[in-house]
Amino acid sequence: MNTNRRQFIGGAGALVATGALAAPAIAQAKPRVVVIGGGPGGATLAKYVARDSQGAIHVTLIEPLKEFVTCFHSNLYLGDFRPYDSITHNYSGLAKYGVTLVHEPAALINPQTKTVRLASHTTLPYDRLVVAPGIDIKFDSVPGYSEKASEVMPHAWKPGPQTQLLKKQLDSLEDGATIVMIAPPNPYRCPPGPYERVSMMAHVLKKKGHTKSRIIVLDPKPSFSKQALFSEGWEKYYPGMIEWQDPKMHGGIKGVDPSTMTVKTDLGEYKAQLVNVIPAQMAGKIARDAGLTNDSGWCPIKPESMQSAKDANIYVLGDASIAGDMPKSAFSANSQAKVAAMVIRGELTKSPTFPPRYTNTCWSMIETDDTVKVGGRYEPKDGKIAAVETFISKTGEDEDLRKQTQAENMGWYQGIIADIFA
Ligand code: FAD
């Protein structure tokens, strides 16, 4: 930070910014909430604080992307159930609530001076900071894998070009092709996501009449989310096509070689035409650099508010946080954002708040008109966010119910997108 800039920050309640961010004198006295990350966590929070404080709080959302492509429903894009455009959204709807958007990355959080430095070196002071950067991929958790290798063997666990690359590769396969997926270890973003993806890939192959192709899933976990439901669906719709291997079956994942398109396990070697590697994950870099993570690589929070356990002026939302029994999902991030927004608005404007309540549902599509779900209600209990009620679809459910669950899934997507971005 240069001297001029430091002097500028030092001015009483000044909003330090470029011309684009300059605020009228009256607005400068307002408390300032700065949000890092415009996904379901950060964008929901920015909207709710700005809207519910009715202009009494100045909210700045820092997000480098002008268009946000959702990971949620990206599997449906893969399976030809939605076009790419329909999972792509922009931030123009947030302006009417008074949210100031800054489209560049946050480079550094300084908790001592309560400032965020942008990549352009502009510095933003905050009264409360919300950190919602999502995940980073631990490339080295799979030997031989790297960011460079992901251009050949996509992870597609972050949205955008990776998702499009995976789709292109899937669509170009010939009958008889082998797909290998390396599934991630816990905890990771979207627990049923890899298995919904397998279902959608199988759907595409089946639709093209590829009876000789197969999908091998090498899993570092002994079991996975909604396993009985997926296993039943795979048997029903894609018999003989999908082979799921737990660590006892493959003996350990030894690594990948993108130059030969091979995957090695302790007990075998697979040559594949498509390799989807979903490595271990951790909280986004900006959260790690700010010391908001613990040894697990994720950010501990207070379950009553999503306030960081490491800094009382900072809140962590969504995938980057350790949210107890809540899975890392867009639904969870959106629900956590509403709790944190209420607490922050209450503190900064001395307005009423209510007991925190969290909810989540994760839908997974197995085949056309056949969707299953898992979810729950959550409350703070014994120092964590604990499930107080859970539900899951049952095996053997009738077709109408599964069709209705798919209609719910599509309705949820439309609803959450409006809740985040409109
Ligand atoms: P993100 O959505 O990752 O948003 C973080 C944002 O922060 C990004 O836009 C990023 O650009 C920005 N950012 C990062 N670092 C910085 C920085 N330094 N400065 C400024 N900005 C920064 N969830 C569901 O609920 N339902 C589903 O059906 C579902 N399906 C899924 C399917 C797949 C294949 C995958 C991979 C995920 C799925 N999810 C689903 C999970 C869901 O996508 C994530 O849980 C959700 O996006 C997390 O939201 P977030 O706000 O925490 O992070």
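Data overview
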item: Residue match in region 97-107 (condition: more than 9 Å from the ligand (Cβ to nearest atom), of a type in the set (A, V, I, L, M) and buried (at least 16 other Cβ atoms within 10 Å of the Cβ)); result: yes
item: Condition check for Ile87: of a type in the set (Val, Ile, Thr), in contact with an Asp or Glu (Cβ under 9 Å, 6 or more places away or on another chain) and within 14 Å of the ligand (Cβ to nearest atom); result: no
item: Phe331 being open to solvent by 10 Å² or more (accessible area, probe 1.4 Å), assigned by TED's automatic domain parsing to the domain that holds Ala106 and within 16 Å of the ligand (Cβ to nearest atom); result: yes
item: In region 196-223, the residues that are open to solvent by less than 20 Å² (accessible area, probe 1.4 Å), farther than 17 Å from Thr368 by Cβ and touching a helix residue (DSSP H, G or I) at 6+ places or on another chain (Cβ under 8 Å); result: Ser213, Ile215, Val217, Leu218, Asp219, Lys221
item: Close pairs (9 angstrom Cβ cut-off, 6 or more residues apart or separate chains): open to solvent by 60 Å² or more (accessible area, probe 1.4 Å) in region 156-177, of a type in the set (Phe, Trp, Tyr) anywhere; result: Gln164/Tyr77; Gln164/Tyr84
item: Condition met for Thr60 (open to solvent by less than 30 Å² (accessible area, probe 1.4 Å) and near the ligand (Cβ under 10 Å from one of its atoms)); result: no
item: Checklist (1) at positive phi; (2) open to solvent by less than 10 Å² (accessible area, probe 1.4 Å) applied to Ile385, failing item; result: (1)
item: Residue count for region 156-190, restricted to those that are within 9 Å of the ligand (Cβ to nearest atom), part of a loop (DSSP other than H, G, I, E, B) and at pLDDT 95 or above; result: 5
item: Helices (runs of 4 or more DSSP H) wholly inside region 191-251 that include at least 3 residues being closer than 23 Å to Val263 by Cα and more than 16 Å from the ligand (Cβ to nearest atom); result: 247-250
item: Set Thr361, Thr368: member being surrounded by fewer than 20 Cβ atoms within 10 Å (Cβ to Cβ) and within 27 Å of Gly297 (Cα to Cα); result: Thr361
item: Count - residues of region 334-358 that are at positive phi and either open to solvent by less than 20 Å² (accessible area, probe 1.4 Å) or β-branched (Val, Ile, Thr) (or both); result: 0
item: Evaluation of Val130 against (1) out of contact with any helix residue (DSSP H, G or I) (no Cβ under 8 Å at 6 or more places or on another chain); (2) not charged (D, E, K, R); (3) not assigned by TED's automatic domain parsing to the domain that holds Pro194 (one fails), failing number; result: (1)
item: Residue count for region 111-135, restricted to those that are within 11 Å of the ligand (Cβ to nearest atom) and basic (Lys, Arg); result: 1
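The values are calculated or read from the model by the stated rules, or taken from the named source; none is laboratory data. Quick caveat, the model's predicted, so the values are computed rather than measured. Note that each Cβ is placed from the backbone with ideal geometry, even for glycine, and that neighbours are counted across all protein chains shown. Keep in mind that these areas ignore ligands, DNA and RNA; they rest on the heavy atoms of the full protein, side chains included. Shrake-Rupley method; radii C 1.70, N 1.55, O 1.52, S 1.80 Å.
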